[in-house]
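To start, the structure under review is shown below, and the notes come after it.
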Amino acid sequence: MAEQPLSDVRVLDLTWHIAGPACTKFFADYGAEVIKIERPDGGDPARRLGPFYQDDPHPEKSGLFLFLNTNKRSITLNLKTMTGKKIFKELVKDVDILVENFSPRVMPGLGLDYKTLEKVNPKLVMTSISNFGQTGPYRDFKASETIIYAMGGAMCSMGVGDCEPVKKGMNVIQHQGGAIAAVAAIMAFYAARAQGVGQHVDVSLMETQMGAIDRRMSELLAYEYNAELTPRMDIAGLLQYPYGIFPCKDGYVDVAGGFMFLNRIERVLKMSLMETYGGMNQFDETRREEFLGTIWYPWLMERTRKEIVETCQAGRVLSAPINTTEDLLADPQFRERGFWAEVEHPVVGKLTYPGRPAVCAELPWKMRSPAPMLGQNNVEVYTSLGYSKEDLVKLREGGII
């Protein structure tokens, strides 16, 4: 197999939870040597976040941690001790990129801010991921996915009509912020390699969300050009039907019909709606309910997702099954393209993970190792710095590693 694109890059990973580990996962999966530094008293808090393998809340069985930390090595180090800080600086000397996602006050408070570390390694690229960035009046504010989504403006247009605003599920912003941080860090790394000078990269989760294309672009342009504020809108109230997510015989399907595609729905149903309804005015809500209740839902409930999608495709109606995880694992598209990757972990055994984000045959993605156990690589990393096994015993007894 060809050499991986980042095989000559060394990364010090001082991240936890989601955004930071998502950033360093890109480096690790494309060949970089990533050393993850964890607290001796429990490690990355993501180890305690579910879902857990077989519902066992074990620090080595967190599905989130296992996914975000493939191909990395783990060492433990207490940065609140003088010896811990000394060891950390020894590690910094020989790395290209340092990534951290603490609150902005933490690294300066430890005496490990960029101005200090660049004296140790002038070519260091230090990437800091935080809620609101390293500067500004909000820099020390705590945040959650919901808070960032709300303050960033995206939530104001999400939801139904006059009801409360809502956000998209799960931690979308965290993963998006990690991806943006990875891109910014690698650009800074290549600049440092060309110019011989490192830099501090400041990534704000709030700003990565505000700059996202997820509806924000059209909404921002609408306000910029027309002073329009995009309202929350009830999709059902648009009276385009059939349009939306509907139940069927074995689950749910997404169908986009109605308006100019009404004739295609007629082909799917094999009937003339214009004749049946004497005009089929799609803005007549009473007709909408009659159509859904007497024709559309009965037609759906007699068919499986596969049958509905195939029939809609034949009629050129946009549609898709609402897949479960089990469906995705068996999906022929992903199997043929080799998207899934199997990984053998010493605690949970062999599991299937989402694989490479893009196909790049000449500079491949590769699953080299599972997520590390806490402190798994202490001996090999610290002995490479010149510490003996006897030293490591003393460091462990002192609560430093």
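The values are calculated or read from the model by the stated rules, or taken from the named source; none is laboratory data. Predicted model, so just to flag it, every value in this text is computed and none were measured. Note: ideal-geometry Cβ built from the backbone for every residue, glycine included; neighbour counts use all protein chains shown.
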Just to check your reading of the model, which residue among Leu329, Leu292 is surrounded by 15 or more Cβ atoms within 10 Å (Cβ to Cβ), modelled with pLDDT under 95 and assigned to a helix (DSSP H, G or I)? Leu292
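Determine which member of the set Ile87, Ile75, Ile35, Ile18 is surrounded by 17 or more Cβ atoms within 10 Å (Cβ to Cβ) and closer than 20 Å to Ala192 by Cβ.
Sole residue among the options that is surrounded by 17 or more Cβ atoms within 10 Å (Cβ to Cβ) and closer than 20 Å to Ala192 by Cβ: Ile35.
Conditions (1) part of a loop (DSSP other than H, G, I, E, B); (2) among the small types (Gly, Ala, Ser); (3) without any contact (Cβ under 8 Å) to a residue 40 or more places away in the chain; (4) not assigned by TED's automatic domain parsing to the domain that holds Met206, marked per residue:
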site: Gly84; (1), (2), (3), (4): no, yes, no, no
site: Lys89; (1), (2), (3), (4): no, no, yes, no
site: Leu98; (1), (2), (3), (4): no, no, no, no
site: Phe102; (1), (2), (3), (4): yes, no, no, no
site: Lys123; (1), (2), (3), (4): yes, no, no, no
site: Ile129; (1), (2), (3), (4): no, no, no, no
Given Gly211, Gly177, Gly196, which one is of a type in the set (Gly, Ala, Ser), more than 23 Å from Val106 (Cα to Cα) and surrounded by 12 or more Cβ atoms within 10 Å (Cβ to Cβ)? Gly211
Looking at (1) modelled with pLDDT under 85; (2) under 28 Å from Lys306 (Cβ atoms); (3) surrounded by 13 or more Cβ atoms within 10 Å (Cβ to Cβ), which is the only condition Arg216 fails? (2)
Given Pro364, Pro357, which one is over 20 Å from the mean Cα position of the chain (by Cα) and closer than 23 Å to Glu33 by Cα? Pro364
Mind counting the residues in the stretch 332-364 that are closer than 20 Å to Phe52 by Cβ and assigned to a loop (DSSP other than H, G, I, E, B)? 3
Do we find a residue being under 20 Å from the mean Cα position of the chain (by Cα) and at pLDDT 95 or above anywhere in the stretch 78-92? no
Among the residues of the stretch 24-31, is any more than 18 Å from Ile186 (Cβ to Cβ), surrounded by fewer than 24 Cβ atoms within 10 Å (Cβ to Cβ) and out of contact with any strand residue (DSSP E or B) (no Cβ under 6 Å at 6 or more places or on another chain)? no
Please go through the stretch 143-162 and pick out each residue that is modelled with pLDDT under 80 and not aliphatic (A, V, I, L, M). Gly152, Gly153, Cys156, Ser157, Gly159, Gly161, Asp162
How many residues are outside any helix (DSSP H, G or I) and either touching a strand residue (DSSP E or B) at 6+ places or on another chain (Cβ under 9 Å) or in contact (Cβ under 8 Å) with a residue 60 or more places away in the chain (or both) if we restrict to the stretch 43-58? 7
Residue in the stretch 104-150 that is nearest to Asn69 (Cα to Cα), counting only those that are hydroxyl-bearing (Ser, Thr, Tyr) and surrounded by fewer than 17 Cβ atoms within 10 Å (Cβ to Cβ): Ser144
Does Leu68 count as within 21 Å of the chain's Cα centre (by Cα) and either over 15 Å from Pro346 (Cβ atoms) or touching a residue at least 24 places away in the same chain (Cβ under 8 Å) (or both)? yes
